[in-house]
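Here is the structure we will look at, set down as structure tokens.
The values are calculated or read from the model by the stated rules, or taken from the named source; none is laboratory data. Every value quoted in this text rests on a predicted model; they were computed, and no experiment measured them. Neighbour counts run over all protein chains shown; Cβ positions are idealised from the backbone, glycine included.
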């Protein structure tokens, strides 16, 4: 957790300035929630794709962080302080959180001096202002405890709290492994973006946000996607097929091997070269599948599972030609 005075937002664009959300706020509290290293294991091995979106995204953003924010808000309210609790969730922002462009025709300001709703607060800049770490080359936030493994929530309060100093250390060494291991080249190795925040000049790589979206899906050529059908959306974060292969996994592995992170493990995260798939080449079933499923007749087309869910499991198929004895 880190605390910043609201004055550190001085000079922020109006559409990204949280002082318009809570004009009487004096302090901003930023909390980091650790992404468990093991939640990335199934994606790293290419064997299980639910733990990262469930435990690495949804459980933090939609369960753990809200509960913590509720408790903190209740505590501050009991002391007579109004608090605006803010989750790490996109909604009705007037600025597109992916491209950074203003969304023309989305909303109108309610007063001459007010920004268009909704204001988009930059959570990574908030974490920087609260002294929790630095923004790395990939634009992913790095802390000395966990490197790139955290997500943030914050609250604005009229309580005047003692601020934390801005982090002056150095975690990112510009190794650019984040860019090298990004399957879609979304992270430039030659162009950067510079901003000045609270008197500090910050610099990170120029990003191609739509290429990043493709990387989340598994790459331009599905080289990080083992699924031949569309993978279901789960827990609100079902697109994490790429598993942050460069900006989190490669970065984390590098920082751990350098020994610069406080959270240390008894075994290395990565012991083999990262895998990629060539979907132009057929990949036959494994011997295990042949022996235990094909040769025993326990095999079905992939679409049969979808049909079963619609017809027998969820019962949402309203076009069935005959009654289903299981649900009708």
Is the stretch 279-287 home to any residue that is assigned to a helix (DSSP H, G or I) and within 28 Å of residue 171 (Cβ to Cβ)?
-> no
Within the stretch 234-274, of all residues that are in contact (Cβ under 8 Å) with a residue 24 or more places away in the chain and over 22 Å from the mean Cα position of the chain (by Cα), the one surrounded by the fewest Cβ atoms within 10 Å (Cβ to Cβ) is 265
Among residues belonging to the stretch 203-213 that are within 21 Å of residue 173 (Cβ to Cβ) and buried (at least 17 other Cβ atoms within 10 Å of the Cβ), point out the one that is nearest to the chain's Cα centre (by Cα).
-> 207
All but one of (1) under 19 Å from residue 233 (Cβ atoms); (2) in a loop (DSSP other than H, G, I, E, B) hold for residue 22; which doesn't?
-> (1)
For the stretch 294-303, indicate whether the set of residues that are surrounded by 10 or more Cβ atoms within 10 Å (Cβ to Cβ), at pLDDT 90 or above and part of a helix (DSSP H, G or I) is non-empty.
-> yes
Considering the stretch 145-166, residues that are in contact with a helix residue (DSSP H, G or I) (Cβ under 7 Å, 6 or more places away or on another chain) and closer than 19 Å to residue 255 by Cβ, and then whichever is surrounded by the fewest Cβ atoms within 10 Å (Cβ to Cβ), we arrive at 151
Report whether or not residue 46 is over 30 Å from residue 252 (Cβ atoms) and out of contact with any strand residue (DSSP E or B) (no Cβ under 9 Å at 6 or more places or on another chain).
-> no
Just give me the residues in the stretch 42-59 being in contact with a helix residue (DSSP H, G or I) (Cβ under 7 Å, 6 or more places away or on another chain), part of a helix (DSSP H, G or I) and either surrounded by fewer than 17 Cβ atoms within 10 Å (Cβ to Cβ) or without any contact (Cβ under 8 Å) to a residue 60 or more places away in the chain (or both), in sequence order.
-> 42, 51, 55
Quick one: count up the residues across the stretch 72-90 that are surrounded by 14 or more Cβ atoms within 10 Å (Cβ to Cβ) and part of a loop (DSSP other than H, G, I, E, B).
-> 4
Among the residues of the stretch 60-81, write down those that are closer than 30 Å to residue 270 by Cβ, in contact with a strand residue (DSSP E or B) (Cβ under 9 Å, 6 or more places away or on another chain) and in contact (Cβ under 8 Å) with a residue 40 or more places away in the chain.
-> 60, 61, 65
